[in-house]
Amino acid sequence: MRKVIFSTIFLVLIAPLSAKTIATVNGYPITLKEANAFVKRATRGKATYARLKSADKKKVIKALATDKLVMETATRQLSKKEKYAIWVDYYVRKHYKELLAKAKKELSVREKKAANADFWVRKKSARIKVTDAEIKKAYARNKRFFKNKKTGKIAPLSRVKPLLMMQVKQQKFVRKLMKKAKINYSPKVAAKK
């Protein structure tokens, strides 16, 4: 039993290494399997890499090299947080219809309206201009919220400036919106019959 498990694990680990490498780009291998898959997609299954002319093979390798280099370099250079955001965005786009149906069914009317309001305020407040003086004033008012619980140090303005800018824009937009609002503090309730 142990021999079977060991040989299965060995084959699984060695299989990617045994794929025939037809080219490399900055040390990253481009395999025959990748080339065949690319040609199959491009020709809708009518050709294989081996049946291509030499010039066409070079074009395939160049296209695969571009893809491989971009993917590997991006994977190395993006932060963990950026990768997670990208994966979530990709997942949402891939499963959009199912997620939309689930959201329609599971979110309450209040949650839907709150989400709409949040997006609408962010969209409208994006155009509002904010000065550095306004941001510094907001920072001074809210310093206690930027305190690190472990170290007790307050985050510098440069670190929280984007958050403060967004908050000041939203506050300015809401104030502008409320100026136009007509609030009736003592509405006359219609008598029920």
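Helices in the chain, meaning DSSP H runs of at least 4 residues, each add -39500 (n - 2.57). Divided by all residues, the mean residue ellipticity at 222 nm is -22500 deg cm²/dmol.
Relative contact order of the chain, please, whole-number percent, based on alpha carbon pairs below 8 angstrom and at least 6 residues apart. If you can, show how the numbers build up before the last one.
Details: 91 pairs, mean separation 24.1, N = 193.
Relative CO of the chain lands at 13 percent.
Which one, Met166, Ala35, Thr66, projects farthest toward the positive side of the charge dipole computed for the chain from Cβ point charges (K/R +1, D/E -1)? Of the options given, the answer is Met166.
By definition, a body whose alpha carbon gyration tensor gives a ≥ b ≥ c is oblate when a/c is 1.5 or more and a/b is not larger than b/c, and the range 81-188 fits this oblate description. When both the range 61-101 and the range 137-185 are represented by their alpha-carbon centers, they are found 33 Å apart. Distance between the pseudo-spin-label points of Asp132 and Thr31 (7 Å out from Cα toward the beta carbon): 5.5 nm.
What do you get for trypsin sites (Lys or Arg not before Pro) in the range 80-162 restricted to DSSP loop and a cutoff of at most 15 other Cβ within 10 Å of the site's Cβ?
Arg127, Lys129, Lys149, Lys150, Lys153
Pop the C-beta distance of Asn184 and Asn148 into the FRET formula with R0 = 45 Å and round what comes out to the nearest 0.05.
With R0 = 45 Å, the Cβ-Cβ based efficiency is 0.50.
Taking amide H positions as modeled 1.01 Å from N, with prolines and chain starts lacking one, no residue 5 or more places away or on another chain lies under 5 Å from Ala47.
Using a Förster distance of 41 Å, how high is the FRET efficiency between Glu82 and Ser54, based on the Cβ-Cβ distance and rounded to 0.05? Display every interim value, and only then the final one.
Details: r = 40 Å, r/R0 = 0.97.
Approximately 0.55, to the nearest 0.05.
Shown is the FRET efficiency for Ala42 and Glu106, computed with R0 = 35 Å from the Cβ-Cβ distance and rounded to the nearest 0.05: 0.30.
Taken together, the values in this text are just the output of simple stated rules run on the coordinates, not laboratory data. Values in this document were obtained by computation on a predicted structure and should not be read as measured data. Don't worry about glycine lacking a Cβ; one is built from the backbone with ideal geometry, like all the others, and counts go over all protein chains shown.
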